[in-house]
Amino acid sequence: MISSGERELELLIGPQHPASGHMRLVAKVDGDVVVELRPNIGYVHRSVEKLAEVKKYLQIIPLVERPSLADTTANNLAYVMALEKLLGIEPPERAKYLRTLLAEINRIHSHLYGLGIHGVMIGSSTAYMWCFGDREPFLELAQELTGARLTYSYIIPGGVRRDLPAGLGERAERVLRYMENRMRDYFNLYFNNPVVRARLEGVGVLSRHDAINLGITGPNLRASGVAYDVRRAEPYAAYPELEFDIVTEEAGDSFARVMVRVREIVESMRIIRQVIRKIPEGPILHESYEKLIPPKLRESMKQRGMVKFPSVFANLRVPPGEAISRVEGGRGEVVFHIVSDGKLSPYRMRMVTPSFRNVILFEHLTRGVRVADIPAIYGSLDYFPPEADR
Amino acid sequence: MDILKLLFEPYIFIPLVFPGLVAAFLLLLIIIWLERKIAAKVQLRYGPLYVFKPLGGVIQTIADLLRYLFQEPIVPREADKLAFLMTPVFLFGLAYLPVVAVPISPTYYAFRSDVSLLIVMALTTLAPIFTVLMGWSSNNKFSLIGGVREGYLVISYEIPMFLSAISMAILYKSLDLVEIAEAQKGLWGVILNPLAAINMLLLMYMSTSKFPFEIPEAESEIVAGPYTEYSGIIYGLVMGASYVKLYVLSLVYSILFLGGWNPLPINDPMVAGAMLFVKAFLLVALGAFLRAVYPRFRIDQAISIGWKIAFPLSLISVVISLLLIMGGVSLVVK
Amino acid sequence: MSLSRTVRHAKAILTGFKYLFAGPRLTLMYPDDIQELPEGYRGMIEYDWDSCIKCSLCAMVCPADAMKMYVSKEESEREGKVVKRPGINYTRCIFCGFCVDICPTDSLRFTKVHDVAYYTYEEQIYPPAEFSKGVPRPLYLREPRKVRAVLDERRGIRYEPARS
Ligand code: SF4
Ligand code: SF4
């Protein structure tokens, strides 16, 4: 309760709030103006890093996927890349393309997820339903490729688990055409809707200078005019061979962040088309592992396009050493640092997720905005509490 | 016996039984379902479907109503109990009250008054007070903010709405809704003064918290605004109140701008009433459709729309009406 | 109110109208329709008793400790040594499919069954003998229609009756 003479009202937004997610925002408001907003994180901390120290290397794959459920491939890929550095192996070309394919499908549906949540945060249930509905074809594609809707665990040391199913390229093309057509309606109904513009333009402006200084990452960084993308800065998988642009916007406001995501979806579709056109023939698992599989099994595995694990995977031993890997996920840069002491589990695993790096923006961008701008800014950051809490 | 006779007096029967409350409840039942259906269709889904599937789940609202009835209404310990429980009733009642002055046909009305437009407009301003009170009595910060938001909105839509309505009264040289409707046998008000029509439509949706002005109960910001602490059937009441208010305003709007019961094929109160109801229904449905198109404005933006756009527009529409009158456009059929 | 803004308002409303009257619907009418899952879907797991060589790899690789080796009493007595066979606990399983992929004899296989409901916790634990009896058949109130997801250029995703 407010005592007399006090002007500020403290609002506890979350964790039981329709738009707070698994976190609490402690807001001090003066009338309709936010004086201070502090994010209170950690509600869904799952101690992924500590758990990794008691799990075997392969068992960590599903573990690192769980925190960022909408963007699992980035974590999966980054972890496996670090592991491969320690193991000193390089996946075959075809596997690299398949990794890229899944990563881009995942980027699209992760962006759609973020855009949809943002939509309903500013009151457009249609944007929410459209984005979530249109995720569905992409999830269907990913499901055909990997056998699961979200928790793909598709990327394994030395390659990937499934080959491209017959006809997937064609079906993907249909989905891409559908999405391209729909984009026009998205713009007409939502992105160009004057009410949307009024709510997002000029709200939560992040300057280029601050974005760099605060260590912001991903689309939120690029929306402030910084053309930084790990896919270009430190290419991995099949990205060196693919053509794509780094999407940037200059304004740095909520709308710019939304636009970066929208344009990245278009860019990802371009990448998917190239992957499908250019994908080379060949094995999808590193030969050193493939030759460990019994010959009969190897044959049937090639026929079905589904990899069998060599038995060493059950107790994968990794030479002592350290490795760092970086991947551009849907929400930004994912970094894994693995320290191995030659045992069955890592000695230490560090997992830096983009949401954790972006959470500082809650405090930074909300000073002096209006109460209604809190969700408009929150959504535009595509912040995912479990990912930040890990 | 006397009570029964009293019930059939037109000034009781028309607003409280038929068409009055019967029509209002019919509209409530259909419109809440329709709103969900419309939003669902635009959003690539089906909406309510399984409660009576042959008609697309049309009685979903009844099922919801039953659920509300059996749900435990929780009254927060810290709330001002009397105010907390009374406000929904007053809110609903006052949202509906203006209907007493709305005529149903040239000959069928609860009572006829020279200033019925003024009565309706004045009565519609009463309900928001209870929304504000509701926000206060819940003793919840989100409710409080919601109530205050409602207060701000009231100030910004009330005056231009009044002016828009008055501009039509000037045009028809009457404050009597029956006369106003009768005057539109030829040209409808929406053609004579389109500016006032658009303006009033906007303000009508604003005053009933329809999208894009669903600001007092903005879910992602303040949970449910003034209604946050309400549950059970009293929540059902407050939810119904804003629809009822929109319905009443739509009736008035139809009479002011859409010719009321004109064009009338046969001179029968039933047909006239049905015509009016259909027009009002379409207006309410349009409000429901807008939910699928728009997100919500921020409170400061809504207020500035009220003062910077709607207010000047309403002044201009008064001027237009005056010019039309002075220009001798005597379209007013008497 | 500038003109371009008015045009944008009109465009938004017209687009809404377009979808009101002619728009696709993406809903899968579960449980009246159930989706035929694609080949290789990682659903519940089938266990083949005879071909299993009891190597325990599946239990070793399982990231969720869902797959466990149980002592098979009968066989142990018969063979005079400890014989262990895998059993699965579906309260823990995360359907990663690692066990299936590592099994050297293809004794474990994916099925497309996913939507099974249980009354109790214990029912979801399948020791080897039960595990080998195959996956449970989901019970439906009404016999559902099997549909297939067809990716469509115009409508995104369409559910068509499956030709089985
Ligand atoms: S699917 Fe994964 S979690 Fe389930 S039993 Fe197999 S290895 Fe364990
Ligand atoms: S099921 Fe397969 S992996 Fe498991 S013990 Fe039997 S043979 Fe080995």
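In table form, for the structure just shown:
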quantity	calculated
Matching option when the condition is touching a Lys or Arg at 6+ places or on another chain (Cβ under 6 Å), of a type in the set (V, I, T) and without any contact (Cβ under 8 Å) to a residue 24 or more places away in the chain, among C:V71, C:V82	C:V71
Residue match in segment C:90-107 (condition: more than 16 Å from the chain's Cα centre (by Cα) and in contact (Cβ under 8 Å) with a residue 60 or more places away in the chain)	yes
Any hit, segment B:210-224, residues being part of a helix (DSSP H, G or I), out of contact with any Leu (no Cβ under 8 Å at 6 or more places or on another chain) and either more than 30 Å from B:M86 (Cα to Cα) or modelled with pLDDT of 85 or more (or both)	no
Residue within segment A:344-367 that is out of contact with any His (no Cβ under 7 Å at 6 or more places or on another chain), of a type in the set (D, E, K, R) and without any contact (Cβ under 8 Å) to a residue 40 or more places away in the chain present	no
Failed criterion for B:K173 (all others in (1) at negative phi; (2) surrounded by fewer than 21 Cβ atoms within 10 Å (Cβ to Cβ); (3) not aromatic (F, W, Y) hold)	(1)
Hits in segment C:82-97 (condition: more than 15 Å from ligand 2 (Cβ to nearest atom) and among the aliphatic types (A, V, I, L, M))	C:I94
Number of the condition not met by A:L102 [criteria: (1) surrounded by fewer than 24 Cβ atoms within 10 Å (Cβ to Cβ); (2) free of Cβ contacts under 8 Å to residues at least 60 places away in the same chain; (3) over 28 Å from A:R367 (Cα atoms)]	(1)
Pairs with Cβ under 6 Å, 6+ apart, first in segment A:122-148 and closer than 24 Å to B:A292 by Cβ and within 8 Å of another protein chain (Cβ to nearest Cβ), second among the hydroxyl-bearing types (S, T, Y) and assigned to a helix (DSSP H, G or I)	A:A127/A:Y190
Residues of segment C:41-57 classified as within 14 Å of chain A (Cβ to nearest Cβ) and either within 12 Å of ligand 1 (Cβ to nearest atom) or in contact (Cβ under 8 Å) with a residue 60 or more places away in the chain (or both), total	6
Single residue of segment A:53-75 satisfying the filter (within 11 Å of chain C (Cβ to nearest Cβ) and either free of Cβ contacts under 8 Å to residues at least 12 places away in the same chain or touching a strand residue (DSSP E or B) at 6+ places or on another chain (Cβ under 8 Å) (or both)) that is nearest to A:V312 (Cα to Cα)	A:L58
Residues of segment B:29-75 satisfying the condition of being surrounded by 15 or more Cβ atoms within 10 Å (Cβ to Cβ), of a type outside the set (A, V, I, L, M, F, W, C) and not in a loop (DSSP other than H, G, I, E, B)	B:E35, B:R36, B:K37, B:K41, B:Q60, B:T61, B:D64, B:Y68
Answer residue from segment C:58-91, given it is more than 7 Å from ligand 1 (Cβ to nearest atom) and within 12 Å of chain A (Cβ to nearest Cβ) and is farthest from A:S300 (Cα to Cα) among those	C:D65
Selected residue [crowded, with 24+ Cβ neighbours inside 10 Å and either in contact (Cβ under 8 Å) with a residue 24 or more places away in the chain or over 29 Å from B:P312 (Cβ atoms) (or both)] from B:V252, B:V238, B:V223	B:V252
Of the criteria (1) within 14 Å of chain A (Cβ to nearest Cβ); (2) in contact with a Gly (Cβ under 6 Å, 6 or more places away or on another chain); (3) within 12 Å of ligand 1 (Cβ to nearest atom), which one C:L108 fails	(2)
Count of residues meeting criterion [under 10 Å from B:L202 (Cβ atoms) and within 14 Å of chain A (Cβ to nearest Cβ)] in segment B:299-321	2
Candidate set: segment C:47-81, residues that are within 14 Å of ligand 2 (Cβ to nearest atom) and among the polar types (S, T, N, Q); chosen: the one surrounded by the most Cβ atoms within 10 Å (Cβ to Cβ)	C:S72
Segments classed as helices (runs of 4 or more DSSP H), wholly inside segment A:25-137, with at least 3 members that are closer than 30 Å to B:E219 by Cα	A:93-121
Matching option when the condition is part of a helix (DSSP H, G or I), touching a residue at least 12 places away in the same chain (Cβ under 8 Å), more than 14 Å from chain B (Cβ to nearest Cβ) and more than 30 Å from B:A40 (Cβ to Cβ), among A:R171, A:R231	A:R231
Segment C:98-143: number of residues that are aromatic (F, W, Y) and within 15 Å of ligand 2 (Cβ to nearest atom)	4
Exclusive hit being within 11 Å of chain B (Cβ to nearest Cβ), assigned to a loop (DSSP other than H, G, I, E, B) and surrounded by fewer than 21 Cβ atoms within 10 Å (Cβ to Cβ), set A:H22, A:H17	A:H17
Qualifying positions in segment B:273-291 - of a type in the set (A, V, I, L, M, F, W, C) and either within 14 Å of chain C (Cβ to nearest Cβ) or in contact with a helix residue (DSSP H, G or I) (Cβ under 7 Å, 6 or more places away or on another chain) (or both)	B:L276, B:F277, B:A280, B:F281, B:L282, B:L283, B:V284, B:A285, B:L286, B:A288, B:F289, B:L290
Test: residue in segment A:312-324 that is aliphatic (A, V, I, L, M), out of contact with any strand residue (DSSP E or B) (no Cβ under 7 Å at 6 or more places or on another chain) and within 8 Å of chain C (Cβ to nearest Cβ)	yes
Scan of segment A:312-366 for residues that are surrounded by fewer than 18 Cβ atoms within 10 Å (Cβ to Cβ), on the phi > 0 side of the Ramachandran plot and in a loop (DSSP other than H, G, I, E, B), ordered by number	A:G342
Odd one out for C:P31, checked against (1) away from ligand 1 (no atom under 16 Å from the Cβ); (2) in contact with a Leu (Cβ under 9 Å, 6 or more places away or on another chain); (3) within 12 Å of chain A (Cβ to nearest Cβ); (4) part of a loop (DSSP other than H, G, I, E, B)	(3)
All positions within segment A:272-311 that are buried (at least 18 other Cβ atoms within 10 Å of the Cβ) and not in a helix (DSSP H, G or I)	A:I279, A:P283, A:I284, A:L285, A:H286, A:I293, A:M306, A:V307, A:K308, A:F309, A:P310
Selection from segment C:26-46 of residues that are farther than 21 Å from A:A142 by Cα and among the charged types (D, E, K, R)	C:D32, C:D33, C:E46
Some residue of segment C:10-23 being part of a loop (DSSP other than H, G, I, E, B) and more than 16 Å from ligand 2 (Cβ to nearest atom)	yes
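The values are calculated or read from the model by the stated rules, or taken from the named source; none is laboratory data. Worth saying up front: this structure is predicted, and the values here are computed from it rather than measured. In this analysis, Cβ positions are derived from the backbone assuming ideal geometry, glycine residues included, and neighbour counts consider all displayed protein chains.
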